[in-house]
Amino acid sequence: MNFQLTEEHLAVREAAREFAQSELLPGVIDRDTEAKFPTEQIRKMGELGFMGMMTDPKYNGGGMDTLSYVLAMEELSKVDASASVSMSVNNSLVLWGLEKYGSDAQKEKYIPKLATGELIGAFCLSEPEAGSDATSQRTTAELNGDHYLLNGTKNWITNGNTASIYLVIAQTDPSKGHKGISVFIVEKGWEGFVIGKKEDKLGIRGSDTHSLMFTDVKVPVENRIGAEGFGFTFAMETLNGGRIGIAAQALGIAAGAYELALAYSKERKAFGKPISQHQAIQFKLADMATQIEAARLLVYKAAWLKDQGEDYAHASAMAKLYASEVAMNVTVEAVQVHGGYGYVKEYHVERLMRDAKITQIYEGTSEIQKIVISRGVLK
């Protein structure tokens, strides 16, 4: 067992940390307050290669391993989870799915611009009645000659308005249930495709979350990924990797809150000495550090398994489940360490606490992760 990061890994982590501090930190509170998408910051992330880290270099990607991606996600999420979730969706869900399962023509047409961040992608699975129950797709795609007619509504779509390319899961044969679900590449601006209002959210407020409506949208047959009926398998396989990205985001949120609490505890004095010298605070810091380290090992292991070409579904579910719980626990304690100052925006930890909650919900709720884990245990 080798726990040492390579020089390349260390360089990636340092580059991500430097970018987070210099480019994401300035204005992050205002972007959260105003629910403003970090457009300029995402553009720079694309220029630096963060939007297509694991994509093959022949498609303008970075050709890096999953662990490098996780390290970058962790550092960026310490500062701005709204920016990191956009990166996660683009890398883990859109680019990975396209590169793994798309046709050569689809890859050549869409991947190069997605990998550089010139275009941004969105993954469209959730619906008003199909969140955790992804089998209950009401969005339909009916074959009509050389195209499909796409009808339905998608909810909670990250990069909903900013994206140009959307991977849409839809039912092509309702009689077959989840085996009749397919996946399509849809472009922004196509007739009948309407973007709904932006959601006013508790956390990750800078993230661009919208509902999408499709009314007789013509989708060329060549924009279907794989065969008809492949959509559910595509979604589940893609989400296995996406969970690693969200686990890394949760880890970063927790680590960011911990670093702020640790620094504050050394500065704030009570009863004549820094609060870090009071056992009550020391024990909080000890618990936070231990939980973060345990989460980090789970996340890194899941990434490592993926890089080795081994089955990582079980590990990614464990990593997301635990890291998201740690994110909530640690951010709440970070607010407590800050006392009254933790409750105001300028000290950042209240925002991290709000951002942490979504990691227990999206890309598979904690309850869904437990289903995945228990199935693996009982197999």
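The values are calculated or read from the model by the stated rules, or taken from the named source; none is laboratory data. Keep in mind it's a predicted model, so treat the numbers as computed, not measured. Note that each Cβ is placed from the backbone with ideal geometry, even for glycine, and that neighbours are counted across all protein chains shown. With ligands, DNA and RNA removed, areas are computed over all heavy atoms of the protein, side chains included. Shrake-Rupley method; radii C 1.70, N 1.55, O 1.52, S 1.80 Å.
Ellipsoid fit via the Cα gyration tensor, the chain: semi-axes of 36, 21, 20 Å, each the root of five times an eigenvalue, largest first. Among the GluC sites (Glu not before Pro) in the stretch 23-126, which ones are in a DSSP loop with at most 11 other Cβ atoms within 10 Å of the Cβ? Mind listing them? Of the GluC sites (Glu not before Pro), not one in the loops of the stretch 23-126 has a Cβ with at most 11 other Cβ atoms within 10 Å. The distance between label points at Ala263 and Asp56 comes to 4.2 nm (points 7 Å beyond Cα on the Cα→Cβ vector). Take the stretch 1-89 with all the other protein chains still there, run a 1.4 Å probe, and you get 44 Å² of accessible area per residue.
With contributions of -39500 (n - 2.57) from each DSSP H run of at least four residues, the per-residue ellipticity at 222 nm computed over the chain stands at -16000 deg cm²/dmol.
As a length-normalised measure over Cα pairs under 8 Å and 6 or more apart, the relative contact order of the chain settles at 16 percent. Packing-based ranking of 301-313, 255-267 yields 255-267, 301-313, ordered from highest to lowest mean Cβ neighbour count within 10 Å. The 3J(HN,Hα) values that the Karplus relation (6.51, -1.76, 1.60; θ = phi - 60°) gives for the stretch 171-182 are, in residue order, 7, 9, 8, x, 5, 9, x, 5, 7, x, 8, 10 Hz. Gly and Pro appear as x.
For Lys370, a cut-off of 28 angstrom between C-alpha atoms picks up these lysines, skipping any fewer than 8 places away in its own chain: Lys78, Lys100, Lys154, Lys176, Lys179, Lys201, Lys284, Lys301, Lys306, Lys320, Lys357, Lys379.
Using the Cα gyration tensor of the stretch 94-172, with a ≥ b ≥ c the square roots of its eigenvalues, what is the shape: rounded (a/c below 1.5), prolate (a/b larger than b/c) or oblate (neither)? Verdict is oblate for the stretch 94-172. Residues whose amide H comes within less than 5 Å of that of Tyr148, counting only those at least five positions distant or on another chain, are Val219, Val221 (H built at 1.01 Å from N in the peptide plane). On the stretch 67-156, 47 percent of the accessible area sits on carbon and sulfur atoms, based on a 1.4 Å probe. For the pair Gln336 and Val221, a Förster radius of 51 Å applied to the C-beta separation gives a FRET efficiency near 0.35, rounded to the nearest 0.05. With a length cut of 30 Å (Cα positions projected on each helix's long axis) and a Kyte-Doolittle mean of at least -0.5, go through the chain and give me the DSSP H helices that pass. What comes out of the filter, once short or polar helices are dropped, is 231-267, 279-307, 313-338. Residues whose amide H falls under 5 Å from that of Arg268, counting only those 5 or more places apart or on a different chain, are Ile275, with hydrogens built in the peptide plane. The string of couplings for the stretch 133-140 from the Karplus curve (6.51, -1.76, 1.60, θ = phi - 60°) is 8, 5, 6, 8, 6, 9, 5, 10 Hz, one whole number per residue in order, with x for Gly and Pro. Based on the alpha-carbon gyration tensor of the stretch 30-158 and its eigenvalue square roots a ≥ b ≥ c, which shape applies: rounded if a/c is under 1.5, prolate if not and a/b is larger than b/c, or oblate? Judged from the Cα gyration tensor, the stretch 30-158 comes out oblate (a/c at least 1.5, b/c at or above a/b).
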